[in-house]
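The values are calculated or read from the model by the stated rules, or taken from the named source; none is laboratory data. Quantities reported herein were computed from a predicted structural model and do not represent experimental measurements. As a convention, Cβ positions derive from the backbone with ideal geometry for all residues, glycine included, and neighbour counts pool all protein chains shown.
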Amino acid sequence: MPRTIFVTGASRGIGLATTELILAEGSTVIALQRTITPALETLAAKYPATLHIVKGDIAKAEDVSTALSLTETLNGVVLNAALVLPYGAIATIPLDGFRDIFEVNVFATVQFLQLALPKLRKTEGTVVLVSSAASEAGAKGIGAYAASKAALNQLNRTLAVEEPDITAIAFHPGPVRTEGSATMQHEGKGHIDPALADAVMAVLIEPEVPGRAIRDLVFRAGKEYSGKYLHYDDPLVTSLSL
Ligand SMILES: NC(=O)c1ccc[n+]([C@@H]2O[C@H](COP(=O)([O-])OP(=O)(O)OC[C@H]3O[C@@H](n4cnc5c(N)ncnc54)[C@H](OP(=O)(O)O)[C@@H]3O)[C@@H](O)[C@H]2O)c1
């Protein structure tokens, strides 16, 4: 059954791969990001009737409202857009940078949900909050990002109990070959433990791997998934693959 799914951060990386996989199933995607990349334009040319691209900032309520107004029916939302930078130790990270990360990764998520929930309740839709394993343990230099993803995991648990009509899932996509993970190499020096950065870079997977998992969750996860935080290779996720 074709559905309408909202994806944030579809200009590249995991968001782009997820968008393409959802479109390939015959469903419609509304994609919100600040830049229209050549890859996104190519996808729009391939799926002119089902890909609706909105150039905008997830942190701006008017941009989210404009994008949401493109559809009456909303079956799922993939909140994938995120800020990773600035890196820095808690002792020295500029507070403005810490706030910027929370603005995009946490407050924009809450704002988005406030605007989208009325439509999601009507369809008993699914929300996938793209989180990170960074939320699970202490690691030097990425404290702001890690704290924002831990906040997302907790928002997800709360959402699951407050919104019984929807299915809310927090999802770790794995170590994925994207501009986001490449940033760790360019910008991480002096902040991130080099052994951790090397270990991540050695096991990168392609964006289509979490893309397929997100597609499967948004299409097929039942209510029993609501409130869970799942890794891309969790049997609960891989068992949804057709
Ligand atoms: N890659 C990994 O190894 C990894 C591991 C764990 C978790 N994750 C999570 O997976 C998600 C995607 O990661 P990725 O590696 O694919 O990231 P990426 O390559 O850096 O892409 C980030 C996406 O977010 C969009 N974005 C950023 N700020 C935005 C804003 N204010 N408004 C709208 N869109 C915005 C970017 O588009 P514009 O710049 O065009 O706006 C881009 O499409 C993130 O939530 C990340 O934390 C990734």
Query raised in the report: What is the residue count in the stretch 102-116 for residues that are more than 12 Å from the ligand (Cβ to nearest atom) and under 17 Å from residue 169 (Cβ atoms)?
Result: 3
Query raised in the report: Got a sec? Which of 119, 140 is more than 14 Å from the ligand (Cβ to nearest atom), of a type in the set (Lys, Arg) and part of a loop (DSSP other than H, G, I, E, B)?
Result: 140
Report task. Give the residues of the stretch 84-129 that are crowded, with 18+ Cβ neighbours inside 10 Å and of a type in the set (Lys, Arg), sorted by residue number. Result -> 119
Requested in this report: Considering only the stretch 71-93, state which residues are within 16 Å of the ligand (Cβ to nearest atom) and either in a loop (DSSP other than H, G, I, E, B) or over 19 Å from residue 152 (Cβ atoms) (or both).
Outcome: 80, 81, 82, 83, 84, 85, 86, 87
Report summary line: When residue 189 is run through (1) over 19 Å from residue 149 (Cβ atoms); (2) in a loop (DSSP other than H, G, I, E, B); (3) touching a residue at least 12 places away in the same chain (Cβ under 8 Å), the failure sits at (3)
Report summary line: Taking the stretch 32-63 and the residues there that are within 9 Å of the ligand (Cβ to nearest atom) and among the hydrophobic types (A, V, I, L, M, F, W, C), the one that is farthest from residue 105 (Cα to Cα) would be 40
Query raised in the report: Of all residues in the stretch 206-242, how many are of a type outside the set (D, E, K, R) and assigned to a loop (DSSP other than H, G, I, E, B)?
Result: 10
Report task. Spot the failing condition for residue 203; the list is (1) free of Cβ contacts under 8 Å to residues at least 60 places away in the same chain; (2) in a helix (DSSP H, G or I); (3) within 11 Å of the ligand (Cβ to nearest atom), and only one is missed. Result -> (2)
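Conditions tested, residue by residue: (1) without any contact (Cβ under 8 Å) to a residue 12 or more places away in the chain; (2) assigned to a helix (DSSP H, G or I); (3) more than 12 Å from the ligand (Cβ to nearest atom); (4) within 26 Å of residue 88 (Cβ to Cβ).
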{"residue": "129", "(1), (2), (3), (4)": "no, no, no, yes"}
{"residue": "135", "(1), (2), (3), (4)": "no, yes, no, yes"}
{"residue": "148", "(1), (2), (3), (4)": "no, yes, no, yes"}
{"residue": "154", "(1), (2), (3), (4)": "yes, yes, yes, yes"}
{"residue": "157", "(1), (2), (3), (4)": "no, yes, yes, no"}
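Looking at residue 151, is it crowded, with 16+ Cβ neighbours inside 10 Å and touching a strand residue (DSSP E or B) at 6+ places or on another chain (Cβ under 9 Å)?
Working: crowded, with 16+ Cβ neighbours inside 10 Å: yes; touching a strand residue (DSSP E or B) at 6+ places or on another chain (Cβ under 9 Å): no.
Spelling it out, it is not the case that residue 151 is crowded, with 16+ Cβ neighbours inside 10 Å and touching a strand residue (DSSP E or B) at 6+ places or on another chain (Cβ under 9 Å).
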Query - Test for residue 5: is it surrounded by 24 or more Cβ atoms within 10 Å (Cβ to Cβ), of a type in the set (A, V, I, L, M, F, W, C), at pLDDT 95 or above and within 8 Å of the ligand (Cβ to nearest atom) - result: no
**Report entry** Test result for residue 25, farther than 19 Å from residue 206 by Cα, acidic (Asp, Glu) and out of contact with any Pro (no Cβ under 6 Å at 6 or more places or on another chain)
**Finding:** yes
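Per-residue answers, yes or no, for (1) out of contact with any Gly (no Cβ under 7 Å at 6 or more places or on another chain); (2) assigned to a loop (DSSP other than H, G, I, E, B):
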residue	(1), (2)
11	yes, yes
29	yes, no
36	yes, yes
41	yes, no
52	yes, no
62	yes, no
66	no, no
